[in-house]
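These notes concern the structure reproduced below.
The values are calculated or read from the model by the stated rules, or taken from the named source; none is laboratory data. These numbers were taken from a predicted model, which means no experiment stands behind them. Positions of Cβ are backbone-derived with ideal geometry, glycine not excepted, and every protein chain shown enters the neighbour counts.
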Amino acid sequence: MNEIRHASATKPRIVAYNGDSNAIDIDRAQSFSGGINQPQENIYEIGRLDKMAVDLQVLEGSVSLTQLEHDSIDFYLALANKTSLPSGGLQLSDFDDALFDIYSVGKDKFGGSVEQTLWFEKLSLNSLTLNIADAESRIERSFEFAGDFFKILRYGSKYLIYKGYTVPSGYSVSAWTQVISDPAPVVNPNVAGKYIERVVRVRANVATELELTTDYTWVNGTTTLTILAATTGDVIKVFYAAASWGTAGDPTAVNDSDTYYINADSVTVTLESASQAVELELDRLTSLNITATLNRISEAVIGLQEKFLKNVESYDVTVALNGRVKDATIQEVLMGQAGTSFGVIDPNFFKTDLILRVKVFDGPQKTTFKTGYKITGLNFTDNNQDTNANEFWSDAVNLSSDNLLISDQLSDIDA
């Protein structure tokens, strides 16, 4: 047995909290980092030197993930709790209320035996980034998530099982039962009599976490789950720990069907002023970075041991365009004068209606569109031009907005 775990022996997966989607592998992951922090405060009183107790507050978890851009936007859809692309594409608002679990199955070696599962529950998206470090780089997506829960499943409880059911016809706020025996849940060693870690009901696209006894019951002798007030069409999501995968086997797999990576030479970047409606391809860029931040509140409520309020107050989208200085073509677009050989570039006259489109294709021939990113209402924030002795000039332009659209439909990006 290996004493330490290699990256090849792990596989991260995601399952949406809402909707009717299955758990999926997070393919093309390049880095994964997750941890937990325990906020705490020592409690003292007058007349005592040492602390009386420690007030352990709500845990603060965080996960960072970097993934190569490839054929699929399935991961984006999972982050938004969607089973299919919404009409017009994914907007930042689609991520507002979406929660999801990310867990990493850890084995003793690649293709080996499971040793543990690292589980982050009910995460929310804080930021996403599209980055092209330079013109010869692979395109990367990066994500920052936050949550309040962290578990490591080990030994006889090392398999995390997710099962999704749909309540059949004939139920109208009545009891519905389901035998869950393949594999059977094992008891949580921290909570006597707890076999099911979480049950979520999705009804009319509203996810509700159900409470044991009040909303559902579990009979371990018959491995039977009973939802006390089920209605036809309800989606019931069940999470539990088990001692094996069951007859379904290992759900993780190596994906060789999607593109492994996409390079910068397969990307087209355009910029235009909506008022001028002249789209200019930025063909002298050397790097590109788009970062979208969802500014969330993170507040607990009385009676719950979690940060229940995670509402988004605003969005910040920043765009960094880096290239070489030639004839100020980007600045012409900022002026709303693309292609006009405009005589005086003056930031006092820069437009605030700029549109950036990033189109990712299957290869440098750009024959098949894969994924696109569109930002509207961009405005100039700063511009810096630099050089050193015996070097070429560089041009760094930074823009900002409050929206980002993601789609695998070219019509959405071109609209």
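Tallying residues that are surrounded by fewer than 17 Cβ atoms within 10 Å (Cβ to Cβ), within 30 Å of residue 307 (Cα to Cα) and aromatic (Phe, Trp, Tyr) within the range 104-148 yields 0.
Summed over the range 235-244, the residues that are within 26 Å of the chain's Cα centre (by Cα) and either more than 30 Å from residue 172 (Cβ to Cβ) or buried (at least 19 other Cβ atoms within 10 Å of the Cβ) (or both) give a count of 6.
Of all residues in the range 194-228, those being part of a loop (DSSP other than H, G, I, E, B), under 23 Å from the mean Cα position of the chain (by Cα) and surrounded by 15 or more Cβ atoms within 10 Å (Cβ to Cβ) number 1. Here residue 331 does not fit the description of being surrounded by 12 or more Cβ atoms within 10 Å (Cβ to Cβ) and either over 18 Å from residue 280 (Cβ atoms) or touching a Lys or Arg at 6+ places or on another chain (Cβ under 7 Å) (or both). Restricting the first residue to the range 354-380 and requiring it to be farther than 21 Å from residue 85 by Cβ, which pairs with a second residue that is assigned to a strand (DSSP E or B) and among the small types (Gly, Ala, Ser) meet a Cβ separation below 6 Å and a spacing of at least six or different chains? Listed pairs, sorted by first residue: 354/273; 377/401; 378/401. Could we say that residue 58 is assigned to a loop (DSSP other than H, G, I, E, B), more than 16 Å from the chain's Cα centre (by Cα) and within 20 Å of residue 121 (Cβ to Cβ) here? For residue 58, the condition - assigned to a loop (DSSP other than H, G, I, E, B), more than 16 Å from the chain's Cα centre (by Cα) and within 20 Å of residue 121 (Cβ to Cβ) - is met. Does any residue of the range 274-284 turn out to be assigned by TED's automatic domain parsing to the domain that holds residue 376, under 30 Å from residue 208 (Cα atoms) and either among the small types (Gly, Ala, Ser) or surrounded by 16 or more Cβ atoms within 10 Å (Cβ to Cβ) (or both)? Checked the range 274-284: no residue is assigned by TED's automatic domain parsing to the domain that holds residue 376, under 30 Å from residue 208 (Cα atoms) and either among the small types (Gly, Ala, Ser) or surrounded by 16 or more Cβ atoms within 10 Å (Cβ to Cβ) (or both). Among the residues making up the range 62-71, those that are more than 12 Å from the chain's Cα centre (by Cα) and crowded, with 19+ Cβ neighbours inside 10 Å are 69, 70, 71. Residue 167 meets each of the listed conditions (1) of a type in the set (Val, Ile, Thr); (2) surrounded by fewer than 16 Cβ atoms within 10 Å (Cβ to Cβ); (3) on the phi < 0 side of the Ramachandran plot apart from (2). One residue alone among 367, 387, 371 is farther than 15 Å from residue 273 by Cα, of a type in the set (Val, Ile, Thr), out of contact with any Leu (no Cβ under 8 Å at 6 or more places or on another chain) and crowded, with 16+ Cβ neighbours inside 10 Å, and that residue is 371. Every listed requirement among (1) touching a residue at least 60 places away in the same chain (Cβ under 8 Å); (2) under 20 Å from residue 103 (Cβ atoms) is met by residue 197 save one, (1).
Just so you know, in the range 89-110 the residues that are part of a loop (DSSP other than H, G, I, E, B) and of a type outside the set (Asp, Glu) include one that is farthest from residue 13 (Cα to Cα), and it is 89.
Evaluated against (1) closer than 30 Å to residue 318 by Cβ; (2) assigned by TED's automatic domain parsing to the domain that holds residue 237, residue 135 falls short on exactly one condition, (2). Flag not set for residue 124, criterion: over 25 Å from residue 205 (Cβ atoms), in a strand (DSSP E or B) and in contact (Cβ under 8 Å) with a residue 12 or more places away in the chain.
The set of residues from the range 77-97 being among the hydrophobic types (A, V, I, L, M, F, W, C) and either in contact with a strand residue (DSSP E or B) (Cβ under 7 Å, 6 or more places away or on another chain) or farther than 20 Å from residue 23 by Cβ (or both) comprises 78, 79, 80, 85, 90, 92, 95. Can you go through 203, 296 and tell me which one is modelled with pLDDT under 95 and of a type in the set (Lys, Arg)? Step by step, each of 203, 296 is checked, and only 296 is modelled with pLDDT under 95 and of a type in the set (Lys, Arg).
Identify the residue in the range 80-103 that is surrounded by 15 or more Cβ atoms within 10 Å (Cβ to Cβ) and of a type in the set (Gly, Ala, Ser) and, among all such residues, is farthest from the chain's Cα centre (by Cα). Applying the filter and picking the extreme gives 89.
Within this structure, residue 21 passes the test of being in a loop (DSSP other than H, G, I, E, B), within 26 Å of residue 257 (Cα to Cα) and either out of contact with any Asp or Glu (no Cβ under 8 Å at 6 or more places or on another chain) or of a type in the set (Lys, Arg) (or both). Of all the numbered requirements in (1) part of a loop (DSSP other than H, G, I, E, B); (2) touching a Lys or Arg at 6+ places or on another chain (Cβ under 8 Å); (3) more than 26 Å from residue 117 (Cβ to Cβ), residue 168 misses one, and that requirement is (2).
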